[in-house]
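The values are calculated or read from the model by the stated rules, or taken from the named source; none is laboratory data. In this text, all values refer to a predicted model and were calculated from it rather than measured experimentally. Methodologically, a virtual Cβ is constructed for each residue, glycine included, from the backbone with ideal geometry; neighbour enumeration extends over all protein chains shown. Protein only, heavy atoms only, side chains kept; ligands, DNA and RNA dropped before computing areas. Shrake-Rupley method; radii C 1.70, N 1.55, O 1.52, S 1.80 Å.
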Amino acid sequence: MSKLKTPAVIINFKAYTEVEGGRALKLAESCLEVAEESGVAISVCPPLPELSLISSAVALPVLAQHVDAKKPGSATGWVTPSMISAAGAAGSLLNHSEHRMILADLAAAVAACRSLELTTVVCTDTAITSAAAASLAPDFIAVEPPELIGGDVSVTEARPEVVSEAVAAVQKIDADIQVLCGAGVKTGKDVAKAIELGAAGVLLASGVVKAADPKAVLRDLVRYL
Ligand code: G3P
């Protein structure tokens, strides 16, 4: 059962210098302020070192950016599902374009998260890989064409068919899985288009993290929800 409401707006902080140290908490607080004033379900994915602090300080669902299929114990440097659960995370992104996983590990990590009631957001790049990911029964699939990530053109404008085809492909396999989209999403209009294409929300990063005024961007993002 997902801990995230839809339509979902997930802000991935990635590893930008703009969110190093205390700056991650500041951005998470801006996300909280906009979530509270708009009523929109905003979630945040801070860098791992800030996961525990932000989970305890900010009343928003907090996701890890990645989790490994490892058990607690002899797993130096790996990120276990148990570890992020204890840190207060609501779940995790998995298989992000910048942190791909091999299929067996992805399947094991999704299953381990499920057993700990952690929400899973599996990233994919096409309708075909979305269909494959759907067979693992995550809570969400986030389709993001890698070539558009970090760019100025939204997937909803540049490749709208990727979103609608991924939604259709996932629905055929498991109608309980919600599909998000991302890559280049920056405005409320992009989010509205994502919903029109059948997505249950968006996953984005640079548009908010690198903005001169993140709160203004967040307010615009949730404008039509
Ligand atoms: O995880 C979100 C992502 O990969 C999209 O990044 O910067 O294009 O919003 P961005």
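Annotations
- Gly188 vs. criteria without any contact (Cβ under 8 Å) to a residue 60 or more places away in the chain, touching a Leu at 6+ places or on another chain (Cβ under 9 Å), at positive phi and not aromatic (Phe, Trp, Tyr): no
- For the stretch 53-65, a tally of residues being without any contact (Cβ under 8 Å) to a residue 40 or more places away in the chain, outside any loop (DSSP other than H, G, I, E, B) and open to solvent by less than 10 Å² (accessible area, probe 1.4 Å) returns 3.
- Residue pairs whose Cβ atoms lie under 8 Å apart, separated by 6 or more positions or on different chains, with the first residue in the stretch 3-15 and in contact (Cβ under 8 Å) with a residue 60 or more places away in the chain and more than 18 Å from Gln178 (Cα to Cα) and the second within 11 Å of the ligand (Cβ to nearest atom) and charged (D, E, K, R), are Lys14/Glu98.
- Cβ pairs under 7 Å, 6+ apart, first in the stretch 198-210 and over 15 Å from Glu98 (Cβ atoms), second more than 8 Å from the ligand (Cβ to nearest atom) and among the charged types (D, E, K, R): Lys210/Glu18
- Only residues that are open to solvent by 30 Å² or more (accessible area, probe 1.4 Å), farther than 19 Å from Ala137 by Cβ and in a loop (DSSP other than H, G, I, E, B) were counted across the stretch 66-118, and they come to 13.
- Here Lys186 meets the list (1) in a loop (DSSP other than H, G, I, E, B); (2) charged (D, E, K, R); (3) more than 8 Å from the ligand (Cβ to nearest atom) almost entirely, failing just condition (3).
- Here Ser154 clears all of (1) within 24 Å of Val79 (Cβ to Cβ); (2) touching a residue at least 24 places away in the same chain (Cβ under 8 Å); (3) not charged (D, E, K, R) except the condition numbered (1).
- Yes/no for Pro138 being touching a helix residue (DSSP H, G or I) at 6+ places or on another chain (Cβ under 6 Å), farther than 19 Å from Gln171 by Cβ and not hydrophobic (A, V, I, L, M, F, W, C): no
- Total residues in the stretch 23-52, condition open to solvent by less than 60 Å² (accessible area, probe 1.4 Å) and more than 15 Å from Leu221 (Cβ to Cβ): 8
- Residues within the stretch 136-159 that are in a loop (DSSP other than H, G, I, E, B), open to solvent by 30 Å² or more (accessible area, probe 1.4 Å) and small (Gly, Ala, Ser), tallied: 2
- Count of residues meeting criterion [open to solvent by 30 Å² or more (accessible area, probe 1.4 Å), of a type in the set (Ser, Thr, Tyr) and touching a helix residue (DSSP H, G or I) at 6+ places or on another chain (Cβ under 8 Å)] in the stretch 119-135: 2
Results for (1) over 13 Å from Asn12 (Cα atoms); (2) modelled with pLDDT of 95 or more; (3) crowded, with 20+ Cβ neighbours inside 10 Å, shown as yes or no for each residue.
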{"position": "Val163", "(1), (2), (3)": "yes, yes, yes"}
{"position": "Ala169", "(1), (2), (3)": "yes, yes, yes"}
{"position": "Asp174", "(1), (2), (3)": "yes, yes, no"}
{"position": "Val179", "(1), (2), (3)": "yes, yes, yes"}
{"position": "Val191", "(1), (2), (3)": "yes, yes, yes"}
{"position": "Val208", "(1), (2), (3)": "no, yes, yes"}
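- Some residue of the stretch 169-176 being charged (D, E, K, R), touching a residue at least 12 places away in the same chain (Cβ under 8 Å) and within 14 Å of the ligand (Cβ to nearest atom): no
- Residue check, Ala166 of a type outside the set (Val, Ile, Thr) and under 23 Å from Glu98 (Cβ atoms): yes
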